[in-house]
Amino acid sequence: MVKILKNPEEVGLEAARMLTRQLIHKPNSAVALPTGSTPLKMYKAFVKFTEFEIVELEDVHFFNLDEYVGLTKDDPISYAYYMNVNLFSRIGKVNHDIPRTDAADSEKEALEYEEKIRRAGGFDLCFLGIGIDGHIGFNEPGTSFSSVTHVAKLHSSTIERNSKLIGKVVPKKAITVGIKTIMNSRRIVLMATGIEKSKVMLQFLLGDVTPELPASVLQLHPKVTILLDEEAADKIKSNASEFHLINP
Ligand code: F6R
């Protein structure tokens, strides 16, 4: 299902509603979370919802989708830091995992992370952002659809964009949950906002399913919701009847 909302605030609000509904329905859900600029509004709205105290957070298990390799534990560039600042320090104690940026052996860390996800029963709900090259998590174009959690080499466009966003050069490698792991989620919500995402949304929703555009694999998932703001939906509006993604 594709939902076109007015602006990034509305996208964040709707995503936070979906997360809250999931946790009311199944308090011990395993939920995958992205970082970056897109989910900030969702985290802000979710923090507000938790203040109503209608959601029990003791049994939820949050997993981050990815983490840079080779930083020190509390480096402000790390996604662990980002998650702490934007979500975890604001909602009280919750069970959350993220690959260790400072693991001595990142390949081993990736395998152990996959095992942790497996032990949690896979993701009940997986939130995703999307890169302008169609990456999901840090699964860059060309990544096998059968990949599980692994160490990924980031594309120069991703390094450039992410470095610009935070004003510091980010690492060239990351541990990312794989595409197969994402596809095993029981429900997926992909968020995209801003005009810079409008081209990739057109390719993703109307193009072929191909590893060259990792997000295109979501056309094959039975339960995906795409939340777009008007800018990100700019190029697809005129083709609305032709989406391959028409599942409930
Ligand atoms: C980050 C992640 C990435 C981002 C994507 C979009 O955890 O999984 O796939 O979602 O790079 O980033 P923003 O939201 O900054 O445009």
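Quick rundown of the values:
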{"item": "Local electrostatic count at L111 - Lys and Arg +1, Asp and Glu -1, tallied over other residues with Cβ under 12 Å", "result": "-3"}
{"item": "In the range 156-232, trypsin sites (Lys or Arg not before Pro) in a DSSP loop with at most 13 other beta-carbon atoms within 10 Å", "result": "K168, K223"}
{"item": "Antiparallel DSSP beta bridges within the chain, as percent of all bridges there, nearest 5", "result": "25 percent"}
{"item": "Euclidean distance of C-alpha centroids, the range 178-235 and the range 19-73, integer Å", "result": "20 Å"}
{"item": "Equivalent ellipsoid dimensions for the range 84-156 as semi-axes, Å, which come from the Cα gyration tensor, largest first", "result": "22, 17, 14"}
{"item": "For peptides 116-125, 5-14, sequence by mean Cβ density within 10 Å, most packed first", "result": "5-14, 116-125"}
{"item": "Label-point separation, K168 to K26 (7 Å along Cα→Cβ), nm", "result": "3.6 nm"}
{"item": "Cross-link table K93/K180; K73/K168; K48/K93; K44/K93; K3/K180, entries beyond 21 Å C-alpha to C-alpha", "result": "K93/K180; K3/K180"}
{"item": "Dipole moment magnitude, nearest 20 debye, the chain about Cα centre, only Lys, Arg, Asp, Glu C-beta charged", "result": "240 debye"}
{"item": "Formal net charge of residues neighbouring H221 (Cβ-Cβ distance under 11 Å; K, R +1; D, E -1)", "result": "+3"}
{"item": "Segment E230-R119, extension gain: residue separation times 0.36 nm, minus the distance between their alpha carbons", "result": "36.1 nm"}
{"item": "Net +/- balance of residues flanking E230 in space, Cβ distance below 11 Å, scoring K and R +1, D and E -1", "result": "-2"}
{"item": "Virtual spin-label span in nm between M1 and T72, 7 Å along Cα→Cβ", "result": "4.7 nm"}
{"item": "Per-selection metrics, the range 51-115 (Cα): Rg and Dmax in Å", "result": "13.2, 42"}
{"item": "Sequence-separation-based contact order of the range 1-96, relative, with Cα cut under 8 Å and 6+ spacing, percent", "result": "30 percent"}
{"item": "Rounded to the nearest 20 debye, dipole of the range 1-111 from Cβ charges on Lys, Arg, Asp, Glu", "result": "520 debye"}
{"item": "Dipole in debye (nearest 20) - the range 52-167, about Cα centre, beta carbon charges: Lys, Arg +1; Asp, Glu -1", "result": "240 debye"}
{"item": "Spacing of the two label points (7 Å from each Cα toward its C-beta) at S238 and N84, in nm", "result": "4.9 nm"}
{"item": "Selected from L23, L165, S238, residue furthest toward positive end of dipole (the chain; charges at beta carbon)", "result": "S238"}
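Throughout, read-outs are computed from the coordinates displayed, never taken from laboratory work. All figures in this text were calculated on a predicted structure; none of them were measured in a lab. Counting neighbours? That spans all protein chains shown, and the Cβs are built from the backbone with ideal geometry, glycine included.
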